[in-house]
1. Evaluate 2.2 N^0.38 Å with N set to the residue count of the protein assembly as shown, then give the Cα radius of gyration divided by it.
2. Sort by residue number and name the cysteines in chain A that have no neighbouring cysteine Cβ under 4.7 Å.
3. Rg over Rh of the range A:313-465, using C-alpha atoms and the Kirkwood radius, what does it come to?
4. Leaving out same-chain residues fewer than 8 places away, which aspartates and glutamates sit with a Cα under 14 Å from that of A:LYS53?
5. Normalised by the residues of the range B:171-292, what does the relative contact order come to in percent, with Cα pairs under 8 Å and at least six apart?
6. Modelling each spin label as a point 7 Å along the Cα-to-Cβ direction, I'd like the A:SER287/A:ASN96 distance in nm, to one decimal.
7. Just to be sure I understand the model, the point goes 7 Å from the Cα along the line to the Cβ. What's the resulting B:GLN164 to A:GLN438 distance in nm?
8. For B:LYS24, which lysines qualify as cross-link partners when the Cα separation must be under 19 Å and same-chain residues fewer than eight apart are set aside?
Amino acid sequence: MTAEFDAVVVGAGHNGLILGAYLAKSGLSVLVCENRWEVGGSMDTRELFPGFKFNLHATYNVVHGLNPPVYRDLELEKFGLRWKPCTGWGVVFGDNRALFYYPELKHTLKLVERFSQNDARLIERLFSKENIEKYYQLARTLFYTAPHELENPASEAGRIYKTTEGYERFPFDSTMMEAAEENFESPEVQTWLMRIVEASMMEPSESSAWTLMWINSLYLNLGIAVGGTHSIAHVLARVIQYYGGMIIERDPAVEILIENERAVGVRLKSGKTVRARKLVASNLNPSLTLELIGEENVPSEIVKKVKNYRYRYTSHGSIAIALKRKPSWKASEFTQDVNSAMGLSIGWESPENFVRMYEAHRKGEIYKDDNGFMAIEAVSFLNEVEPTLAPPGYHVITPAWPYFPNTRYAGEKFIEYMENNRQELLEWAIESIMDKMQDMKRDDIIGATIYLPTDVEKKNPNMYGGDINVGTFEGQSMWHRPFPEWGKYRAYPVENLYLCGPSSHSGGGIKFSNGYLCYKTIKHDLGLGGV
Amino acid sequence: MNSPDVIIIGGGPNGLTSGAYLAKAGLDVLLLESRHEIGGGLAGEEVTTTGLIHNPHALYFLLVDYAPPYFDFNQELAPFIKHIYPEVQISMVRSDGKSLTLFSDPEKTAKSIEKFSRSDSETYRKMYGEYLKIVEDIIIPYTFAPPIPPVEQMDLLSKTETGQNFTEITEMTPREIVEENFEDELVKALFLYVGTHPILRYDEPLGYLFPLYFIVSHRMRIVEGGTHRLASALAKIIIRNGGMIHEASEVAEIIVEDGVAKGVRLKDGRKIMAKKAILSTVDPPQTFLKLIGEDKIDMDLSNIKNWEWEEFSFFSVHADLTEPPVYRSDSSDPNRALITLIGYDSSEEYITEMDAVLQGRFPERPACEVTCPTVFDPTQAYGQPGMHTLRITSYAPFELDGDAEKWDTFKNEAMDRCLSVLKDYTENMNQDSIRYSYPQSPLDIERRIPSMVKGSIKHGAYIPFQMGYMRPNTECSGYRTPIKNLYVGGAGVYPGGWVSFGPGYNSANAILEDLGVEKWFSEPEFIKRAKENGYL
């Protein structure tokens, strides 16, 4: 059986859906095929315990403050997407003090003052209205400018950056750790700011100093999707269907058909052949894309580059806990407001921890903090912001992402260890959270479960070893992501084959970026009208 | 936002069905769902480990041969929905290992019964022929048409032999029908299960449902890829036809002005007006008492105020298995059955179990309905090839010893009881083959789906004054209400729940008729025939 479409998109994660929606709205006939039974990839909200919903992966939309073009181009609100503003993001330290963002900067500064007056003053200057506007302009340039529009968005972003006060203090050639230690006197302030950049999957050893303040500025304006992150997937899927596109789940592409060095369609697992008149796009990582193309269809140097594509040493799991009552952070003795902050990380004391964590992950070991507890990113009682996530009177801890080493790099033995110790790892994570809570009792827990990085990969095969960024940024960013020949959303040398996934610029996470930029590239190449 | 023509409250099977019919008729439909996901009982969740789909509610579908949506939307559903029809439908294993099997093929079933009783086998053959006629001539047409007042209906039925046969059993209880017809204890137990498995009492005079459950118990399908696929496919029809679906959108109020339903106010404060109609598919007390309010409706509300929730519900275990169960049995039928029944050898034991549940207890050794859909559909283990998903369900009280909250602490114990029965009846179910198990209590059912109050999966008990023309009451069982532009069409409305698609289909018909919108679908053949035969 053969079907024919203008465009076939392989993979219905965040970027595949965005690309599919733009193409459908432009009037192309579109098929999006997906391996899982549900669209959305890591936009995954699950009712693991009846009445209790958990965002297992993506939760915080860090580009919300940028008002991404996708919002209005695709009229996401009309299709039912609603956002709640959300702030918090911070760290609860071992001594149960805490640093986090408030909705208003002046309150944040007051909290910073308790660690260092000087640091508070410096942050105030760096986060002046004028600077933040520039940071956002810079970020928009990076995330929403297509290759044909600007040969080098990084240098344009750099030009904007140079006009901010941060430039002198956080130059391009230092690591964020050096710069943080040089400019801020409180180790807690350093840790807090770096932790947030780390959440955007930058690594401390990179020449990343310049990202410190503008990435932090994004966390002043986070959004979370009403009904859970999976709502974003629903809405994007509906845009595709509304404009006549077709999404087919449980039937992944097993081959990208190539004739005369052009992508002309796909073969699906069910055996169906789908011809693509204009293009095929892959939301998959380079290795999986290459598997579909076939090594024989690309030059050997491309095969080599695909094989050399590097993933992060750090991976994530996910913890979901349903609670009868909401516990109080021990840090509430330091400041009561910690109880309404979202996205609090535990297991961080000083910049030194970053080094130790990456060392542990490189060695394939789980990082422990100084007291033997697990480091967990973004512990949140999210139903405080989005009440639909828990039954009235009950609570959820979601998200809470424990850090693990990349399981592929850590090896078979480590994977076996994890699989055999699921319950123990869950217990350890619960203990680590309970240690930071004033009054959390075992009896309060109605249900709890852990997702390991191996589960992450099972669900989302893009995420090798549980790397949620689907490849490190180190040496693999901008138009060099995943490597220069495939760096501008086109899969050289195959004509009409496009790449829209997280292994292209701008990497992983829900940024409304890669799929959009891939669309712009296609639009330019094919001379499409429309959106 | 722009006002849609029709607002539908609730995205379960009925809301989705009605929405799909109305959207395809050209109406601008907005469907509002309170949960984060549409589907209601058409649910699927990876509740255990990643890559294994479990079906916490509907699992097998009984009306695939009859329900109009399957035919009317055949083209739209075809790319997404494939049904699997297991040859062995139900197999019952006696504690001594003997098995009794209900096949899709009645001839094979009769042979299986013959091993236990020659006379029961003859009776079964006769019943099958008689019931098939009753179902196809009468019950199916009645399911997909508005209800008829009882006196009028009696009159129509009295005119034919089939109608008279049907009338004879309508006031009997499932137990009476089984006792009157069969002699072997295991055969009685099987058909008592067949007549009551939508969670009905054995002693409720609902005999008119018996032929339906008897026949469709030979016709059960599962949806390849899991039940939730059906919800997604219906939703796609709505969207494809220009409709919208908003999740996490709980309706707090239906705005009624001067006796006309104008719009809805949502819990989050949004107010959305409807140009032409509002259809509520949530449970009747919620629609009339909570969303509208007594003072806004001029109608005798006694049936709604005294609405009875179902007297019992079900408890389920969802497990990940390394291999499907192999039963200790004289035949392989139980291993390849869609449903395997274990834990009781006679109708008396079945009744004792149900009595315990009705008294608020969860039995020490519960009677279990076991399904392992991956035997037929490996794609439900899409992320862990070779693994299997198992569901055990058992009748259970909502209030456990008088207290629903007790379930939160008791559910692991209840799960162990079910698993222990399973281990006893199988050769290979043990700690190694059961990798992960997950309990769902009646309290969890209410928490997941708020219209299933007290675990009422059919939105309200099947008792005579909540059935037929009386569901939810005589004014509203025809889907129209005394409030202009307000319609009802959930499981709490005629013909009821259990994914019959009846309320959804029938309410869409009523709305299209009232709005004078041309129907794009034709009247089902069975309705035409029923009209010719004088049943409608």
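Every read-out reported here was derived from the displayed coordinates using simple, explicitly stated rules and does not represent laboratory data. No experiment lies behind these values; they were computed from the predicted model shown. In this analysis, Cβ positions are derived from the backbone assuming ideal geometry, glycine residues included, and neighbour counts consider all displayed protein chains.
1. Working it through for the protein assembly as shown, the quotient is 0.97.
2. A:CYS33, A:CYS86
3. Rg divided by Rh gives 0.97.
4. A:ASP44, A:GLU384, A:GLU386, B:GLU37, B:GLU45, B:GLU46, B:GLU247, B:ASP444
5. It comes to 16 percent, rounded to a whole number.
6. 4.4
7. Computed distance between label sites B:GLN164 and A:GLN438 equals 7.9 nm.
8. Within the straight-line limit of under 19 Å, B:LYS24 reaches these lysines: B:LYS236, B:LYS275, B:LYS276, B:LYS519.
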